[in-house]
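Data block below; observations after.
The values are calculated or read from the model by the stated rules, or taken from the named source; none is laboratory data. Keep in mind that this is a model prediction, so the values were computed, not measured. Positions of Cβ are generated from backbone atoms using ideal geometry, with glycine treated the same way; all protein chains shown enter the neighbour counts. Areas reflect the complete protein model, heavy atoms only, side chains present, ligands, DNA and RNA absent. Shrake-Rupley method; radii C 1.70, N 1.55, O 1.52, S 1.80 Å.
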Amino acid sequence: MRFHVLAIFPLAVGAVNIISSNDDGWAEAGHSVVVSAPAENQSGTGSKQKTPTTLTDPCEFNSCPAGSPAVGFNASDPRLGYVNSYPVTSMKYGIDSRAPQFFSGPPDLAVAGPNVGRNIGLAVHISGTVGAATYAAHAGIPAIAFSGGTGSQTSWDSSRPHYSDVYADLATNLTNQVVATGKPYLPNDVWLNVNFGKVSDSRCTNPADFSFVLSRINIAFPFITPNDVTTCGSSRLPTELEISLASGCYASVSVGMAASKTDANATMQGAVLKKLSDLLTCLP
């Protein structure tokens, strides 16, 4: 899914320094924002890591030739970089190497995605997008993973699809709200899993059509799973799956623990609820 990071986030976050990655490849990515993403599509690689290697084949969409170095960048915009490895390795390289180069220190926030297709429920455990975000959160960088129900892989030099603009605006709105509430942007070792509903020519066509709903990643088991934060008149949040199946235009926002990729407790959910209260709504 193409995400025009450099075109969008300057409008949203002012002086906040963001490291951005995804699992679909660097050639889909488009102040300050620095991109460190895989040279190739690495969807479904979860939290795998490996040492970057010289490319034996061209980069995604022929964005760099075979034989290119293991780590490289766009000559006309060095903030756009690739790493010939998994999403987590790309995020790690971005935090450890590229961020200090451009920010003179670590990033303030890490963003992964949007992924092509939702990452909900058990899918979070194999998602490279989620793997990159949880790595950052576990390394002490507040992190958000974005995924969308509509889209296909689109190269950097193709026309920008409408759904990409919708998702970019939604991601900007949520990021704006997180940053506007001040530091700490998120509780320690916590990440947000955000999934946007489908966009079509006749339904959910504008960012204003969407509502954000606080959710949980996994199904809760009666008498076993601890209560969630109390909101919308209930101590049990809807699951991401419930929201994805609801009639309407919704984006689910789950609060997860980075180490386990499972739901955070009610206290941490409450901290996020307080930060995002102006954006969140209840399912009917």
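Below 12 angstrom from the Cβ of SER244, what's the summed charge of the other residues (Lys, Arg +1; Asp, Glu -1)?
Details: positive: ARG118, LYS198; negative: GLU240, GLU242.
Neighbour charge sum, excluding SER244 itself: 0.
Take the convex hull of the alpha carbons in the range 166-279; its mean projected area over all directions comes to 7.3 nm².
May I ask for the net charge around ASP228, where only other residues with Cβ less than 9 Å from the Cβ of ASP228 are counted and Lys, Arg are +1 while Asp, Glu are -1? Present the calculation step by step, with values, prior to reporting the outcome.
Working: positive: ARG216, ARG236; negative: ASP263.
After counting each charged neighbour, the total is +1.
Neighbours of LEU279, meaning other residues whose beta-carbon lies under 15 angstrom from its beta-carbon, give a summed charge of -1 when Lys and Arg score +1 and Asp and Glu score -1.
Seen from all sides and averaged, what is the projected area of the convex hull of the Cα atoms in the range 115-168, in nm²? Each step should come with its number before you reach the end.
Values: hull surface 17.7 nm².
Its Cα hull, projected and averaged over all orientations, spans 4.4 nm².
Close amide-amide hydrogen proximity is noted between GLY117 and GLY148, THR150, each under 5 Å apart and 5 or more residues distant or on a separate chain (H modeled in the peptide plane; Pro and chain starts excluded).
With semi-axes defined as the square roots of five times the eigenvalues of the C-alpha gyration tensor, the equivalent ellipsoid of the chain measures 30, 20, 17 Å, largest first. When the solvent-accessible area of the chain is split by element, carbon and sulfur atoms take up 54 percent of it, the probe being 1.4 Å. Within the straight-line cut-off of under 27 Å between alpha carbons, the lysines reachable from LYS50 are LYS92, LYS261, sequence neighbours fewer than 8 places apart in one chain being disregarded.
Please work out the average accessible area per residue across the chain, using the 1.4 Å probe convention, and give it in Å². Write out the running numbers ahead of the final one.
Details: 11470 Å² over 284 residues.
Heavy-atom accessible area per residue stands at 40 Å².
Accessible surface for ARG216 stands near 10 Å², nearest 10, in the context of the full protein assembly shown (1.4 Å probe). Partners of LYS275 within straight-line reach, counting lysines whose Cα lies under 20 Å from its Cα and excluding those fewer than 8 residues away in the same chain: LYS183.
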